[in-house]
Every structure is written in structure tokens, then in C-alpha cells.
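One structure is given here, and the rest of the page talks about it.
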Amino acid sequence: HGTVTGRLSGEDGVHQVPRDKFIRSLIGAPPGWSFFEIDGSQIELRCVAAIAMEQTMLRIFATGGDIHKTTGAAVAGKQPDDVTKDERKKAKAVNFGFVYGMGWRKFKVYAWEKYGVKLTDAEAKLFRERFFQLYPELPAWHARMRKIVRALGYVVSPIGRKRRLPDIFSSEEGLQAAAEREAINSPVQGFGSDYVLAAFIETVLEVILPEDPNFETIRPVGTVHDAEYFEIRNDMIDYWAPKIKATFDNPTRLRKWFGYTPPVAITGDCKIGNHWGDAQDWVPGEPLPYTPR
């Protein structure tokens, strides 16, 4: 199945497994194998930077900066290196809240419900103001997407996925406003999901199958939103993990399949463990962060 944005979904597969760590720790690789995950690093914000062509965001990603620290420094009025863990957490809420144009009142509720960050009215207003001072090209992108959906009734992602939004022509203002929000959000979510799915397809068809057609050393498990999952035989981890990461990080397939090259690097963060729920951050080539069974 698929969702309206293009993200894959399903009724009884890995998509329905709760995010609960305990439940995910029940799902794992058999003895002699490990559970490997590669997840798009801040992929949603990278997709926003690519689609909006927001120069500050593009520069942060191009120089290997930490976008949450940069935002945290801007809203706190300090240098990025002086940003505390708590301020970075607030910045995460700021980035994901305002990147699609959320108002300060809604943001105040969102920050509390999603990140446990409590803000006063004055703080929420100030954070919104400073966010758009830091990323000044985002409002123009929001306005552009609203204009496009009002004119055409649909929006298109960078690689051609179309999202029809007929509610934009509704006589109800609430439905029109919802369609405008979706016009901004859908191309980002759709593109992020398609990037991961395309990387997964390329990894399975062009990297794994030619070498291991019977999946004797590596087994594809599937994708969930911005992540790919594999089971890798323990003696082959150092062989397959770097190949999976190199394929994920290489956007050549987008140019080859869709004629599009993103203006920002989209990279994957790796995790590995005996189970899904206990997988730990890991850089291929470094010592394993767990003891394989």
C-alpha cells in the first residue's frame, strides 16, 4: 500500500510495528546474523533545502554543519558551539515546526506534545521570528507552493510524484487551508520516501542479487518511512554494510531514473544490533557496538 504522499504503508507488515523500543527488541535476526538499519540523516530537512533551494540550509548541509545546533544558536542568541543539549532539543522542535510555515500558537502546542518542550507565548513568537530570519527563503517557497496548488489543483515532487489536492477548490476555508499545508508538505515527504525506496531497490537489484541471488549472506527486510532494513550474516557485515551505505549516499540513480540531481547530499546513518530495538549507532569500518550472537 501507499499513503497519499507516496510513503509506503501496510496493514500487517513492518510499518505497523510501534516505535516502542521493547516491542521492536522482539524483532531481530536469527543466531549468526545481525539486524542492520540505514536511516536518512535529517532527510526531511535536506529535502526541504533541496526543494525550497534555501541557501542557508544548503550551506549548512554542504559544510557538514549541524542544522539543529545552528537553529538553536539563532533562537538562543549564542554561538553554535555553546548550544546546550536542551537548546538543541528545542531547536529540533523549531525546525520541524516552522519549516512548513506553522503559526506560533500551533507551534507552542506542537513543541510540548511532540518534544516535551514548554514555551511561553513570547518565546514561541520570538523563535518563529528568529527562525525565518535565519532561513529567509522558506516563506517565499511556502507562498510559491500555495500559488501552484491554487492554479493547478496539484503539486509535484522533484522526481515527478504528483499529489492532487482538490480541496483547494472547496468553498470551505478550512479545507482550502489544509490543502495549502499539504501542498507544502507532500513534495517533501514524497521525495524523502521515494529517495529511500529507490536506494533500497537499487541495493537489492544491482548490488545484492548479482552477488548473492539466494540471499545466503544478506536478506532485505524492507523499508519504513526513511529507513531500510537488512539481516546480514555476521561474517559478512564488514563486506555488505559499506556497500549499502555507499549506494544509499550516491544520488546517481535519481539522475539516471528521473533526470534529477539534488543540490544537497542525502546521506544515511547506520545502526546495527542483534534486534531492531537494540540496534546502536555505528559507522561501517569501526568496531561493532554490540556482541553478535
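Across the range 147-173, the qualifying residues are those that are assigned to a loop (DSSP other than H, G, I, E, B) and without any contact (Cβ under 8 Å) to a residue 60 or more places away in the chain, and the one among them that is nearest to the chain's Cα centre (by Cα) is Leu165.
For the range 203-226, a residue qualifies if it is modelled with pLDDT of 95 or more, open to solvent by less than 60 Å² (accessible area, probe 1.4 Å) and either under 23 Å from Ile27 (Cα atoms) or in contact with a Ser or Thr (Cβ under 6 Å, 6 or more places away or on another chain) (or both), and the qualifying residues are Thr203, Val204, Val207, Ile208, Thr217, Ile218, Pro220.
If you go through the range 85-122 and pick out every residue that is β-branched (Val, Ile, Thr), part of a helix (DSSP H, G or I) and closer than 26 Å to Ile51 by Cα, you end up with 1. Annotation: of all residues in the range 160-179 being touching an Asp or Glu at 6+ places or on another chain (Cβ under 7 Å) and among the small types (Gly, Ala, Ser), the one that is surrounded by the fewest Cβ atoms within 10 Å (Cβ to Cβ) is Ala178.
Only residues that are of a type in the set (S, T, N, Q) and at pLDDT 95 or above were counted in the range 20-62, giving 3. Do we have Arg144 as open to solvent by 70 Å² or more (accessible area, probe 1.4 Å), at pLDDT 95 or above and not in a helix (DSSP H, G or I) here? Taking the combined requirement at face value, the residue does not satisfy it. Considering Thr120, Thr56, Thr84, Thr71, the condition of being over 25 Å from Ile148 (Cα atoms) and open to solvent by less than 30 Å² (accessible area, probe 1.4 Å) is satisfied by Thr71 alone.
The values are calculated or read from the model by the stated rules, or taken from the named source; none is laboratory data. Treat the numbers as computed from the prediction; the structure is a model and nothing was measured. Note that each Cβ is placed from the backbone with ideal geometry, even for glycine, and that neighbours are counted across all protein chains shown. SASA here: full protein model, heavy atoms, side chains in, ligands and nucleic acids out. Shrake-Rupley method; radii C 1.70, N 1.55, O 1.52, S 1.80 Å.
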